[in-house]
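First up is the structure itself, then whatever we jot down about it.
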Amino acid sequence: FTLDEGLSRAVAQVFIHLYDKGLIYRGHRIVNWCPSCKTSLSDDELEWNETEGSLWYIKYKIKGEDEYLTVATTRPETVLGDTAIAVNPKDPRHKKWIGRTALLPILEREIPVIADPHIDPEFGTGIMKVTPAHDANDFEIGRRHDLPELNILNIDGTLNEHAGKYKGLDRFEARKQLLEDLQKKSQLDKTEKYHLVLGTCYRCDTIIEPYLSDQWFVKMSELAKPAIEAVNSGKIQFHPSYWSKTYLHWMDNIRDWCISRQLWWGHRIPVWYAPDGKMFVSVDRPTAAECPGYDPAALVQDEDVLDTWFSSWLWPFSTFGWPDKTPELDKFYPTKVLVTASEIIFLWVARMVMAGYEFMGAAPFSDVYIHGTVRDERGIKMSKSLGNGIDPLEITEKFGADTLRISLTLATPDGQDPCIGRNTFEVGRNFVNKLYQVSRFVMMRLDGRTPVVDTIDRTDLVIFDRWILSRLTQTITDVDTALTEYRLSAASKILYNFVWEDFCSWYVELIKPDQPGAVIRAGSLNVATYVLDKILKLLHPFVPFVTEEIYLQLTADMPGAPETITFGPWPKADSSLLNPSLEADLKQIQEVVTAVRSIRSELNVPPGKKSDLHVRVKDEILGELLRNHVEYFRSLARVEKLVCGAEVKKPPMSASAVISGAEIFIPLASLIDLEVEKGRLQKELNNLRDLLEKLSRKLANPDFLAHAPEDIISKERAKKEDYEERIEKLNRNLEQILGW
RNA sequence: GGGCGGUUAGCUCAGCUGGUUAGAGCAUCUGCCUUACACGCAGAGGGUCACUAGUUCGAAUCUAGUACCGCCCACCA
């Protein structure tokens, strides 16, 4: 907590360090002042109300001429605090007046006519009055041109001695009288209705007044240098990297930091004032020796407190006891990753980097991960004030903490903001349930056998076992890559797909024995358990509670198992398990199974009814693959009898499908609907013909053949051959049907 | 006004260095209470990749501009 004693001392020390170095100074700044509450307000404490106001056009006489410059203002009483008239240097209408002297109406004070690019020639008359003490923007102009900052207000909103005859009047009464006087002197050119937005005090509704006050500042340009260099050189990296642009743009244009706040809660500014105004900078009340010639008891500490970020920017080291050299500081500074939101890149991140270099001599971290900000379904950032948020506790209550976590991870585009609604969380809820169910299945099918999760018996593997191990290996590699690149959502999606598709939909279904309740082959069960263990560990960062629970159940009877999943090692990719050609073989089996399912579904074959499967293969390797493993996919494809080989003939009255490298026939006699089957084949035929046409055009283009790389051309040629082959087969099958 | 993102199926998003029949989940439609899961299984439909111009043999992917959405910062005499 930054208001704890140790951290408070660090804050004061830092103030003194910067003050002694000449980097902290006292200056003027425009604040929002409430004349009723007699306090300054932060921008956040203002309420902005749209009102119908007026735009008054006031004439200023040019000294020594019979000419007038007319300016438009919404606050005529500030005329009394004007210290210049300004025009745009490029404005041809008013160029000739630059450098001349104008006379303030009523008070007849002399003020210069200056040129400043800020003035918009399109607004009003293109001439602006400059009131440095009562407008933030005019203040900036005043600084640029070294204008006097003339304060005309008292703290209660009445006018002070600089207001001449209007002294003592309330600002609005003064406005009224001034306008009347101008009218009388014909110096009020005209009045227009004007729509404006007025800042008011959130407590008392009083219109706030921009007010010049004494504030403390930190000079930033020197502090910024090493912090800019750190990001430019890559010593500090943002993830995603484009956030470094935001950081650098701000740092390159950095302005001095106003660190004093007129609040009651915060670190008090460590400055003490003697009755005569003499200043002492000190953590505690100065001792007699520290303020020679003054009575320490008579010193008064500055009433203001420090900006909250003035303590937060020290956080990476103040939390470890700095400025003392503690073992914690030694061990934990610098750290590696800072995780935060983009909206505080300036407020916090940039300042921590600057403080790190200034006080520790090194950057506080090497990587800054910027996470997304939740938005609602319309894309608007969720916030308390808009009331468009979803309460995370409500989601946790309903679906569980893991669901909240994995759902947000899955839904958040890497580096961007997720738009979420209530059903965003169903995805995660379903997934966590799926994980739990499949785990339950594996554990049930242990049938009393002790699970083995650390090793696999490589002499006892079937093709599907080796396949899932290869897929697992690839998955671990992909997840590691994604995490290394700080792509959390990508990592979670890789795992989601692996678990749901590869593991649940294919592997577990393939190793299920054909007979209900039959014991699963020991080798496959070993692999299933082994893979499940790795899944739990890979998913643990995303689904912490459920993976822990399952892990403890799975390893309950396992001698020497860690007492928590977090003590287990992160899975390593074992490249000897990777087998791309095997994955390609499996893909073919999957395609056959999918084609069969598709035929059956489209022809409305009752799920309970099994059917024979005839496969004419182009290559006997596939035939063998199918024959040898039919027992595994028999139930997936509802196969009664399998006939496959290069010479297989199409059985009469059978439905067909053509995939790359094979033709599939299912004899369906009574079940087949001629029209439906014709439609199916025709549709596929049309699809392939379109593709072939496009491809043929491409391959007939001499420019393509001349410029495209060889491997692309041969790939396209192979594709063409495949299309032609499939079209021919489809044609034959279609002709046969037409002959029925 | 400045800076930075985004725009791909009805919705939420993948698509990394240009060559895939542009993918997934939700939603929709069809059929299923099939040995863990109906929070499920299988199948299907659905996209001129915001628009315009350019670079290229080839653009969802690169460049420029336009429009719209959003975030941060500044400002509105």
Candidate set from the range A:446-490 (those that are at pLDDT below 95 and small (Gly, Ala, Ser)); member that is nearest to the chain's Cα centre (by Cα) = A:489
Of those in the range A:72-96 that are in contact with a Gly (Cβ under 6 Å, 6 or more places away or on another chain) and open to solvent by less than 30 Å² (accessible area, probe 1.4 Å), the residue nearest to RNA strand B (Cβ to nearest atom) is A:72
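Sort out which residues of the range A:706-726 are surrounded by 13 or more Cβ atoms within 10 Å (Cβ to Cβ) and within 11 Å of RNA strand B (Cβ to nearest atom), and write them in order of number.
We begin by selecting, within the range A:706-726, every residue surrounded by 13 or more Cβ atoms within 10 Å (Cβ to Cβ); these are A:708, A:713, A:716, A:719-720, A:722-726.
Correct list: A:708, A:713, A:716, A:719, A:720, A:722, A:723, A:726.
I need the full set of residues from the range A:435-446 which are among the charged types (D, E, K, R) and either away from RNA strand B (no atom under 16 Å from the Cβ) or open to solvent by 80 Å² or more (accessible area, probe 1.4 Å) (or both), in order please. Steps first, answer last, please.
Looking only at the range A:435-446, we keep the residues that are among the charged types (D, E, K, R), and these are A:440, A:445.
A:440 - this is the single residue of the range A:435-446 that is among the charged types (D, E, K, R) and either away from RNA strand B (no atom under 16 Å from the Cβ) or open to solvent by 80 Å² or more (accessible area, probe 1.4 Å) (or both).
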For the range A:241-256, does any single residue satisfy the condition of being closer than 30 Å to residue A:366 by Cβ, open to solvent by less than 30 Å² (accessible area, probe 1.4 Å) and more than 16 Å from RNA strand B (Cβ to nearest atom)?
-> no
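Quick test for you: out of A:193, A:176, pick the one residue that is open to solvent by 20 Å² or more (accessible area, probe 1.4 Å), among the basic types (Lys, Arg), within 14 Å of RNA strand B (Cβ to nearest atom) and out of contact with any helix residue (DSSP H, G or I) (no Cβ under 7 Å at 6 or more places or on another chain). Please lay out each step first, then the result.
Details: A:176 fails: within 14 Å of RNA strand B (Cβ to nearest atom).
One residue alone meets the criteria, A:193.
If you scan the range A:484-543, which residues turn out to be in a helix (DSSP H, G or I), β-branched (Val, Ile, Thr), buried (at least 16 other Cβ atoms within 10 Å of the Cβ) and more than 7 Å from RNA strand B (Cβ to nearest atom)? Steps first, please.
Within the range A:484-543, the first condition is being in a helix (DSSP H, G or I), and the residues that meet it are A:484, A:488-511, A:522-539.
Subsequent filtering for residues that are β-branched (Val, Ile, Thr) retains A:484, A:494, A:499, A:508, A:511, A:527, A:529, A:531, A:535.
Filter again for buried (at least 16 other Cβ atoms within 10 Å of the Cβ), leaving A:494, A:499, A:508, A:511, A:527, A:529, A:531, A:535.
Within the range A:484-543, A:494, A:499, A:511, A:527, A:529, A:531, A:535 qualify.
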Checked the range A:102-139 for anything open to solvent by 60 Å² or more (accessible area, probe 1.4 Å) and on the phi > 0 side of the Ramachandran plot; matches are A:108
Considering each of A:463, A:395 in turn, give the residue that is without any contact (Cβ under 8 Å) to a residue 40 or more places away in the chain and more than 8 Å from RNA strand B (Cβ to nearest atom).
-> A:395
Those residues of the range A:657-688 which are β-branched (Val, Ile, Thr) and either surrounded by 17 or more Cβ atoms within 10 Å (Cβ to Cβ) or within 15 Å of residue A:731 (Cα to Cα) (or both), in sequence order = A:658, A:659, A:664, A:666, A:672
Given A:176, A:245, A:225, which one is over 37 Å from the mean Cα position of the chain (by Cα), without any contact (Cβ under 8 Å) to a residue 40 or more places away in the chain and part of a helix (DSSP H, G or I)?
-> A:176
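Of these, A:427, A:432, which one is open to solvent by 30 Å² or more (accessible area, probe 1.4 Å), near RNA strand B (Cβ under 9 Å from one of its atoms) and in a helix (DSSP H, G or I)? Step through it out loud before you land on a result.
Working: A:432 fails: open to solvent by 30 Å² or more (accessible area, probe 1.4 Å).
Matching residue, one of A:427, A:432: A:427.
Report yes if residue A:325 is away from RNA strand B (no atom under 16 Å from the Cβ), open to solvent by 70 Å² or more (accessible area, probe 1.4 Å) and part of a loop (DSSP other than H, G, I, E, B), otherwise no.
Values: away from RNA strand B (no atom under 16 Å from the Cβ): yes; open to solvent by 70 Å² or more (accessible area, probe 1.4 Å): yes; part of a loop (DSSP other than H, G, I, E, B): yes.
It is true that residue A:325 is away from RNA strand B (no atom under 16 Å from the Cβ), open to solvent by 70 Å² or more (accessible area, probe 1.4 Å) and part of a loop (DSSP other than H, G, I, E, B).
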All but one of (1) open to solvent by less than 80 Å² (accessible area, probe 1.4 Å); (2) within 16 Å of RNA strand B (Cβ to nearest atom) hold for residue A:317; which doesn't?
-> (2)
Filter result for residue A:373 (under 29 Å from residue A:243 (Cα atoms), within 10 Å of RNA strand B (Cβ to nearest atom), among the hydroxyl-bearing types (Ser, Thr, Tyr) and open to solvent by less than 70 Å² (accessible area, probe 1.4 Å)) = yes
Between a first residue in the range A:684-701 that is acidic (Asp, Glu) and a second residue that is surrounded by 11 or more Cβ atoms within 10 Å (Cβ to Cβ), which pairs have beta carbons less than 8 Å apart while being 6 or more apart in sequence or on different chains?
-> A:684/A:657; A:684/A:658; A:684/A:730
Name the one entry in A:65, A:122 that is among the charged types (D, E, K, R), more than 13 Å from RNA strand B (Cβ to nearest atom) and part of a loop (DSSP other than H, G, I, E, B).
-> A:65
Hits in the range A:435-464 - residues which are part of a loop (DSSP other than H, G, I, E, B), within 16 Å of residue A:555 (Cα to Cα) and not β-branched (Val, Ile, Thr) = A:445, A:446, A:447, A:448, A:449, A:451, A:454
Residue under evaluation residue A:723, criteria (1) of a type outside the set (Gly, Ala, Ser); (2) in contact with a Leu (Cβ under 6 Å, 6 or more places away or on another chain); (3) without any contact (Cβ under 8 Å) to a residue 12 or more places away in the chain, criterion not met = (3)
Those residues that are buried (at least 17 other Cβ atoms within 10 Å of the Cβ) and without any contact (Cβ under 8 Å) to a residue 12 or more places away in the chain, I need them from the range A:155-173; list them, please.
-> A:169
Single unsatisfied condition, residue A:99 versus (1) within 13 Å of RNA strand B (Cβ to nearest atom); (2) open to solvent by 60 Å² or more (accessible area, probe 1.4 Å); (3) not charged (D, E, K, R) | (1)
Of (1) touching an Asp or Glu at 6+ places or on another chain (Cβ under 8 Å); (2) within 13 Å of RNA strand B (Cβ to nearest atom), residue A:737 satisfies all except one. Which?
-> (2)
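Take residue A:364 and tell me if it is open to solvent by 40 Å² or more (accessible area, probe 1.4 Å), more than 7 Å from RNA strand B (Cβ to nearest atom) and out of contact with any strand residue (DSSP E or B) (no Cβ under 7 Å at 6 or more places or on another chain). Explain how you work it out, then say what you get.
Numbers: open to solvent by 40 Å² or more (accessible area, probe 1.4 Å): no; more than 7 Å from RNA strand B (Cβ to nearest atom): yes; out of contact with any strand residue (DSSP E or B) (no Cβ under 7 Å at 6 or more places or on another chain): yes.
It is false that residue A:364 is open to solvent by 40 Å² or more (accessible area, probe 1.4 Å), more than 7 Å from RNA strand B (Cβ to nearest atom) and out of contact with any strand residue (DSSP E or B) (no Cβ under 7 Å at 6 or more places or on another chain).
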Which ones in the range A:27-71 are out of contact with any Asp or Glu (no Cβ under 8 Å at 6 or more places or on another chain), among the aliphatic types (A, V, I, L, M) and buried (at least 18 other Cβ atoms within 10 Å of the Cβ)?
-> A:31, A:41, A:69, A:71
If the Cβ limit is 7 Å and pairs must be 6+ apart or interchain, which residue in the range A:344-359 that is under 14 Å from residue A:307 (Cβ atoms) and part of a helix (DSSP H, G or I) pairs with which residue that is away from RNA strand B (no atom under 11 Å from the Cβ) and of a type in the set (Ser, Thr, Tyr)?
-> A:348/A:312; A:348/A:340
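Scan the range A:544-570 residue by residue and report those that are β-branched (Val, Ile, Thr), more than 31 Å from the chain's Cα centre (by Cα) and assigned to a helix (DSSP H, G or I).
So the first thing to find is which residues in the range A:544-570 are β-branched (Val, Ile, Thr), and the list is A:546-547, A:550, A:555, A:564-566.
If we keep only those that are more than 31 Å from the chain's Cα centre (by Cα) too, we end up with A:550, A:555, A:564.
Answer for the range A:544-570, where residues must be β-branched (Val, Ile, Thr), more than 31 Å from the chain's Cα centre (by Cα) and assigned to a helix (DSSP H, G or I): just A:550.
The values are calculated or read from the model by the stated rules, or taken from the named source; none is laboratory data. Small disclaimer: the values here were computed from a predicted structure and weren't measured. Neighbour counts run over all protein chains shown; Cβ positions are idealised from the backbone, glycine included. The accessibility values were calculated without ligands, DNA or RNA, using every heavy atom of the protein model including side chains. Shrake-Rupley method; radii C 1.70, N 1.55, O 1.52, S 1.80 Å.
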